[in-house]
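S.K.: Structure incoming, see below.
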Amino acid sequence: NYKLEVTINKQKIDAVASLANWTDVTSTGAKGEIQFTGDITTPEHENTITAGSFDLYWGTSAESLTSSTGWSYSGGKWTNSTPIYWENGTQAYYFRALAKYKSNTEIEAANMTTPYTVEQGDDSKDILWATTPAHTWNGSTIAEGDPVHPRTGAVPLSFRHALSKVTVKLKTSDDDDNKKVNLTGATVTITPIATTGTLKLDDGKIELPTGEANGQFTGTVNDDKSISSLTIPQSISNNVKLQVKLSDGTTYSLQLNTCKNSSDVPIIQWGRGNHYTYEVTLNKEKISFVAFLKEWVNETGSGDATLDW
């Protein structure tokens, strides 16, 4: 802050320049700070996240985002040790986020680096991707994923499962020993399928590796005679088989994409955020097959399988 004093007389001009001290101005509150709310995606957005942490990605383009890690829930809001702010009153931003699922109300930071690789496996692989949901603000309708303009209120983030989940549950006759088979130690295999992929941050879709899928989902059923795994969202080709092998060596198989939903439409792909349960009833020389989606989407279906001698 430079101060120039000029004195004008009839015969001369005196000029004196001095450097004045800055005037300190302080403010309270964080009127320009960007804050967030979060929820796990359900059709009604019912479950508000109130614990944990997530990694935020934001910028003026959905294809070029800056990371801001370590957002955590404290004092009734999501905060970061290094806050971020609206640049001005007009500049809008895209927001995306990544986290790991812990419960319907708690998440934890995913700590992923590019490329954002996701893979089949147990619940520790459950990656959540978030964007801003469709909502109304200041009389305007904001579409899902669109840039959000400056506001004094919190920016909503809607988290959804990036992967699919598949459960195979085996059953047999309870009252007829002539039909009943021993399910203890039975193994279930679904193959060939893709078991890894790359998560796209801008839209949450997963890109599959190039080439033909050659992986599998396999394991021995637990005490409930079931087996579950998170799987990569993907189309189910005609080559994909669900195979059951009993401990005595007897095997059964099913072309997976022949299973139909309640609308009599074949289930030909696993979609992100959907839990597919295949219930397989095994009797001697016969198998019946039912599949349905549960938790996020309720849908029932049925299909045919063959006994492999």
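S.K.: Give the distance, in whole Å, between the Cα centre of region 243-285 and the Cα centre of region 127-174.
M.R.: 28 Å
S.K.: Then there is this: Place a point 7 Å from the Cα of Asp248 along the Cα-to-Cβ direction; which residues of region 153-190 have their backbone N under 11 Å from it?
M.R.: Of the residues in region 153-190, 178-183 have backbone N under 11 Å from the label point off Asp248.
S.K.: For region 112-151, report the accessible area per residue in Å² (1.4 Å probe, heavy atoms, rounded to an integer). Show your work: numbers first, answer last.
M.R.: On the way: 2060 Å² over 40 residues.
I get 51 Å² per residue for this part.
S.K.: Next question, about the same structure. Over region 201-258, with the other protein chains present, what is the accessible area per residue in square angstrom, probe 1.4 angstrom? Could you put the intermediate results ahead of the total?
M.R.: Numbers: 3000 Å² over 58 residues.
That works out to 52 Å² for each residue.
S.K.: Against the 2.2 N^0.38 Å scaling, with N counting residues, where does region 39-115 land? I'd like the Cα-based Rg ratio to two decimal places. Mind showing how you got there, number by number?
M.R.: Details: Rg = 13.4 Å, N = 77, 2.2 N^0.38 = 11.5 Å.
For region 39-115, the normalised Cα radius of gyration comes out at 1.17.
S.K.: Please compute the net charge surrounding Ile206, taking Lys and Arg as +1 and Asp and Glu as -1 over other residues with Cβ under 15 Å from its Cβ.
M.R.: So the environment of Ile206 carries a net charge of +2.
S.K.: Another question, if that's okay. Provide the FRET efficiency to the nearest 0.05 for the Glu33-Thr198 pair, computing r from the beta carbons and using R0 = 35 Å.
M.R.: Numbers: r = 33 Å, r/R0 = 0.94.
Plugging the Cβ-Cβ distance into 1/(1 + (r/R0)^6) gives 0.60.
S.K.: How far is it, in nm, from the label point at Asn182 to the one at Thr66 when both lie 7 Å from their Cα along the line to the Cβ?
M.R.: 6.5 nm
S.K.: Dipole of region 153-228 (Lys/Arg Cβ +1, Asp/Glu Cβ -1, origin at the Cα centre): which of Val166, Asn178, Asn222 lies farthest to the positive side?
M.R.: Going by the Cα projections, it comes out as Val166.
S.K.: Among the listed pairs Lys180/Lys225; Lys100/Lys169; Lys179/Lys260, which have their C-alpha atoms separated by more than 20 angstrom in this model? List each step's numbers first, then the result.
M.R.: Numbers: Lys180/Lys225 14 Å; Lys100/Lys169 26 Å; Lys179/Lys260 26 Å.
Check vs 20 Å cut-off fails for Lys100/Lys169; Lys179/Lys260.
S.K.: Please work out how much length the chain gains when fully extended from Thr136 to Ser263, using 0.36 nm per residue of separation minus the C-alpha to C-alpha distance, in nm with one decimal. All intermediate terms of the calculation are to be shown ahead of the outcome.
M.R.: Values: separation 127, 0.36 × 127 = 45.72 nm, distance 3.38 nm.
Length gained, Thr136 through Ser263: 42.3 nm.
S.K.: I've got another one for you. Estimate the FRET efficiency between Asn111 and Thr167 by the formula 1/(1 + (r/R0)^6), using the beta-carbon distance for r and 22 Å for R0, to the nearest 0.05. Intermediate values should be presented prior to the final figure.
M.R.: Details: r = 28 Å, r/R0 = 1.26.
After rounding to 0.05, the efficiency reads 0.20.
S.K.: Under a point spin-label approximation (7 Å from Cα along Cα-to-Cβ), what is the His149-Ser235 distance to one decimal in nm?
M.R.: Calculated label separation equals 4.1 nm.
S.K.: In square nanometres, what is the average projected area of the Cα convex hull of region 115-253? Numbers along the way, then the final one.
M.R.: Details: hull surface 51.6 nm².
With every direction weighted equally, the projected area is 12.9 nm².
The values are calculated or read from the model by the stated rules, or taken from the named source; none is laboratory data. Values in this document were obtained by computation on a predicted structure and should not be read as measured data. So basically every Cβ, Gly included, is an ideal-geometry build from the backbone, and we count neighbours across all protein chains shown. Surface accessibility is based on the protein's heavy atoms, side chains included, excluding ligands, DNA and RNA. Shrake-Rupley method; radii C 1.70, N 1.55, O 1.52, S 1.80 Å.
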